[in-house]
Amino acid sequence: MKTSWYREPWAWLVFILPFTAVVAGITTYIIANTDPDSLVVGDYYKTGKAINLQVAKVKQAQKLGMKFALKLPKKELVIKPTGIEKTFSLLNIHFVHPTLEEKDFTLSLTPDGNGYFRHTFDKEVSGKWKITLSSFENNWKIHETISLPQENYIDIVPDPIKAQ
């Protein structure tokens, strides 16, 4: 007595495994094409050429004795100059998220009466960030990778190795 092929459980096992692989492949293709990853840096060649300029600006900050302390306890960013006599009319702070380009932002802050730079955010900023501090004239830069929020002050000092 012969049975039909579709009544055999082994036949379904043989068909279901390749069918599952095809469905998973189609699903992966759809996800990859509808939500592409954004590149943090689009032109790697120009970025590579600019590394020497960035290192020179960090060395300039080191030569001038630039040091800052930063804290962001909840929603208020406070940056104070430490170890320098010079006052700044404007400080540019660029926040770069390590994976999501749409979260990147830049602040231009002026000092308050104490010489501190302050900014209050609408929502809490958290996670790992790469920040760049620079002057209005853009003749020096300091790069640092930090985790936010920060209850205590952390030192931001120029280091040419971090500029690369």
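We did not get these values from a lab; they are worked out from the coordinates using the rules stated. From a predicted model like this one, the values you see are computed outputs, not experimental measurements. Virtual Cβ from ideal backbone geometry, glycine too; neighbours counted across all protein chains shown.
The table that follows gives values for the structure above.
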quantity	calculated
Lys/Arg +1, Asp/Glu -1 at C-beta; the range 44-163 dipole; positive extreme among P81, G127, I142	I142
Anchor K46: lysines whose Cα lies under 24 Å away (excluding residues fewer than 8 positions away in-chain)	K57, K59, K103, K130, K141, K162
Where GluC sites (Glu not before Pro) in DSSP loops with at most 14 other Cβ within 10 Å are excluded, longest remaining stretch of the chain	1-84
Potential extension, H119-K75 segment - 0.36 nm per residue separation minus Cα distance	15.0 nm
Expected 222 nm ellipticity per residue - DSSP helices of 4 or more, -39500 (n - 2.57), all of the chain, to 500	-10000 deg cm²/dmol
Inter-site label distance for E101 and Q150 at 7 Å from Cα along Cβ, in nm	2.7
Folded to 0 to 90 degrees: helix 44-64 orientation relative to the chain principal axis, Cα	30
For the chain, convex hull of alpha carbons as volume per residue, Å³	186
Additional length obtainable on full extension of the chain from Y45 to I84, 0.36 nm per residue less Cα span	10.5 nm
Approximate spin-label separation T20-Q60, in nm, with each point projected 7 Å along Cα-to-Cβ	6.1
Difference of contour (0.36 nm per residue) and Cα-Cα distance, W12 to S126	36.0 nm
